[in-house]
1. Condition check: part of a strand (DSSP E or B), under 19 Å from Ser90 (Cβ atoms) and not charged (D, E, K, R). Does Leu136 satisfy that?
2. Could you tell me whether region 129-143 includes any residue that is within 29 Å of Tyr44 (Cβ to Cβ), crowded, with 17+ Cβ neighbours inside 10 Å and without any contact (Cβ under 8 Å) to a residue 24 or more places away in the chain?
3. Can you work out which of the residues in region 156-169 that are open to solvent by 20 Å² or more (accessible area, probe 1.4 Å) and of a type outside the set (Asp, Glu) is modelled with the lowest pLDDT?
4. Among the residues of region 90-128, which ones are in contact with a strand residue (DSSP E or B) (Cβ under 6 Å, 6 or more places away or on another chain) and open to solvent by less than 20 Å² (accessible area, probe 1.4 Å)?
5. Out of region 110-150, which residues are among the β-branched types (Val, Ile, Thr), modelled with pLDDT of 90 or more and over 16 Å from the mean Cα position of the chain (by Cα)?
6. For residues in region 177-194 being among the small types (Gly, Ala, Ser) and in contact with a helix residue (DSSP H, G or I) (Cβ under 8 Å, 6 or more places away or on another chain), which is farthest from Arg150 (Cα to Cα)?
7. In region 1-43, which residue that is open to solvent by 70 Å² or more (accessible area, probe 1.4 Å) and of a type in the set (Ser, Thr, Tyr) is farthest from Gln78 (Cα to Cα)?
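The values are calculated or read from the model by the stated rules, or taken from the named source; none is laboratory data. Keep in mind it's a predicted model, so treat the numbers as computed, not measured. Neighbour counts are summed over all protein chains in view; Cβ atoms, including those assigned to glycine, are modelled from backbone coordinates with ideal geometry. Just the protein is used for accessible areas: all its heavy atoms, side chains included, with ligands, DNA and RNA removed. Shrake-Rupley method; radii C 1.70, N 1.55, O 1.52, S 1.80 Å.
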Amino acid sequence: TLDADTIAEQARHILEDVPITAWKVGFLGSAEGVSAVAEVLSDYPDVPLVAYLPSVAWLDEEQQQSYLDSFRELILPQTHVLVGNHKTLSDFLLPDWDNDRPASPRELAVAAAQHGTGHVLVTGISLPNQFIDNVLATAQGPITGEKFERFEVSFVGAGDTLSAALAALLSVGAEIHTAVGEALSFLDQALDAG
């Protein structure tokens, strides 16, 4: 893991020369890494941020808690679209959920909106007959989504690929509902080809 000062220094060097029209962040290493990145992002409030939250279950409990607390406090308020697996987002946004049914994308979006996030793209929602749903939602409700047949293999990096594709599409001015559809289609093709 890079230390926080190095992260910020590298970002600032690049930003001196390169115009930015969208951001994508994934796992940021540590609570300190989250803080360093959030500080850089705060200088560009009008640039849309796509934030991908992977499962951090492999970190020890204290590291998990400090990372997720920092992400919630520093990244979510700047996030245009939060991307994550249904279970990961449910555990993060609604840790005290005790309903028998899973939280809906809208309920996750309501929880994210309380921290300043405009949209959530919830992936990996289990459906009958080996299908999965992926839904973009706001606190007002679902906006768009795509269902895909589940692949019988596991992948590493699918969420990062999806969120990077989404950020790339937003960076060239695509409307969010169109960008989500194209990004999901790209991911499906990439996984199929993989």
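1. Values: part of a strand (DSSP E or B): yes; under 19 Å from Ser90 (Cβ atoms): yes; not charged (D, E, K, R): yes.
It is true that Leu136 is part of a strand (DSSP E or B), under 19 Å from Ser90 (Cβ atoms) and not charged (D, E, K, R).
2. No; the residues of region 129-143 include none that is within 29 Å of Tyr44 (Cβ to Cβ), crowded, with 17+ Cβ neighbours inside 10 Å and without any contact (Cβ under 8 Å) to a residue 24 or more places away in the chain.
3. As a first pass, look at region 156-169 and keep what is open to solvent by 20 Å² or more (accessible area, probe 1.4 Å): 156-158, 160-161, 164, 168-169.
Of the ones still in play, those that are also of a type outside the set (Asp, Glu) are 156-158, 161, 164, 168-169.
Numbers: Val156: 73, Gly157: 82, Ala158: 86, Thr161: 93, Ala164: 96, Ala168: 96, Leu169: 96.
Per the stated criteria, the residue is Val156.
4. Result: Leu108, Ala109, Ala112, Thr117, Val120, Leu121, Val122.
5. To start, the set of residues in region 110-150 that are among the β-branched types (Val, Ile, Thr) comprises 110, 117, 120, 122-123, 125, 132, 135, 138, 143-144.
Still in the list and also modelled with pLDDT of 90 or more: 110, 117, 120, 122-123, 135, 138, 143.
Answer for region 110-150, where residues must be among the β-branched types (Val, Ile, Thr), modelled with pLDDT of 90 or more and over 16 Å from the mean Cα position of the chain (by Cα): just Ile143.
6. Ala179
7. Thr1
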